[in-house]
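What follows draws every value from the coordinates through simple rules; no lab data is involved. If you're wondering where the values come from, they're calculated on a predicted model, not measured in any experiment. Here the Cβ positions follow ideal geometry from the backbone for every residue, glycine too, while neighbour counts run over all protein chains shown.
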Amino acid sequence: MKYFKLLTISQRHSLSHQLNHAKGVIKISILAFAIHSATLLIPQEASAQITVSFDVFYNNLSPYGTWVDHPNYGYTWTPRGISGFRPYGSQGHWAYTDAGWTWVSNYSWGWAPFHYGRWFYDQYYGWLWVPDYEWGPGWVSWRRSAGYYGWAPIGPGIEINFAYSSGYDVPNNNWRFVRESDFGRTNLYNYYVPVKSYADIIRNSQPIRNIQTDNQRNVRYNTGPDRAEVEKRMGKPIAPLAIKERNTPGQNIRNNQLEIYRPQVQKTAEKRAPAKVIPYKKEQPTVQPQKKEKTRAPSSQQPPKSQPAQPKQERPKQLPTKQKETKAPNKQEPQQQPTKQKPIKPEPQPGKKSEGNNPPKKGNG
C-alpha cells in the first residue's frame, strides 16, 4: 500500500486497470473451465434424452420377426425361427445393475422387447410382444420360495402394482424357476427347474416387491430380489454393473458396464405402422394345432392298431368248428337225397330243394 501511495495518479489508474483486467481474465478462465467440464457430461446426458417413436421398433425388429395386426393389441411382434422360444427364458440371464436385476439377452434385438412393452401367449401365433413407451430392467413378476427364485412375463395393460396382487393370475407354464445357487449364472437357461415342480414351488412362494422409481424417466419398476439376500444364498459377492447409454440399437457387457440402447419413446399424433404386417388369422398358423393333434394321435390311433388283431380272433371261429360241421352234412346229403330227389325232379317243387338246402346254409351262417 505504501508503494501504491507513492505512485502518481496516472500510474494508479494504469495499475487499477491492469488488476481489473487480470480479474476479468481469471473469471473468464473459470467460466471456460466450467463450460468445458459440462461438455464432458453432455454425451451421456444427450444419449439419455434421445427421443424416438415406435418406428425404432418397427424398423429394427422387422428383420428378426413378424408383425401381426392383433385385434386386441394392435401391432404385435413375434420372433422368427426360434424353436421353443420363451421371453425372459431363452438365451439370456439376469445381471445386477444400477437399475436392479436386468435381463441381458443373447439376441441382438434383445434391447427392445425385454425392456419395453409386454408379452402374452397366443394359441395360434405363440408368444407375441406388445410395444410400449417405458423402459425397465425386465417387465416380469418376481417370486421367492425356499431355495428358489422365479419370474414370469407381465401381460399387456397390467400396472406394476396389480402385477403383484392376489388378483393377477399367471399360468404355471409362464414361470421360470431356478435354484438360488444357480441364479447368477450366465447360462441360466440350462438350469431351469422342471415345470412339473412349479405348482408346489408357487404354492409355497411369496412375491418380491422391490419397487423403484426412476424420476428421470418417470417410470416405476421392480428391481427383483435383494442383492444382499442373493449374495447370501449364492455364497459369493455380486459386482454391480453400471449402465452405459448406447446411441445405436444393441446391448453388450464390457469393462464392468452394461452398454444398452434405451431411448425415450414418445407418443406421436401420427399413426405409425410397420412396413410389413400380416393380418391376424386363426386359420393361418396351423402348426401348433397340428402339433397338439400329433401328440394325441398315439392314444387315438391305438384302436386301429389293435383292430388288425381282430381278424385273427375271427378266423378260429370260422375255421375249426362251424366250417367243418357244415361241410360234413353237404357230403352226406348228396348220398341220401339222390333216391328221394329222383322222383321229385319231374314235379316243380323247388321249394323243397331250397328247404332241404336251408339247414346247411343256416349252419354256414
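What the table shows:
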quantity	calculated
Burial order of peptide ranges 251-264, 101-114 (average beta-carbon count within 10 Å, highest first)	101-114, 251-264
Antiparallel DSSP beta bridges within the range 191-271, percent to nearest 5	65
Net charge of Cβ neighbours under 10 Å - reference Tyr280; Lys, Arg +1; Asp, Glu -1	0
FRET efficiency, 1/(1 + (r/R0)^6) with R0 25 Å, evaluated for Ser165 and Thr268 via beta carbons	0.15
Proximal charge balance of Tyr88 [Cβ under 14 Å; K/R count +1, D/E count -1]	+4
Proximal charge balance of Val130 [Cβ under 14 Å; K/R count +1, D/E count -1]	-3
5 angstrom amide H check on Glu134, placed H, neighbours 5+ away	Gly117
Two-site label geometry, Arg185 and Phe85: point separation in nm, points 7 Å out along Cα→Cβ	2.4
Pairs of Cα atoms farther than 32 Å apart, the range 53-293, %	19
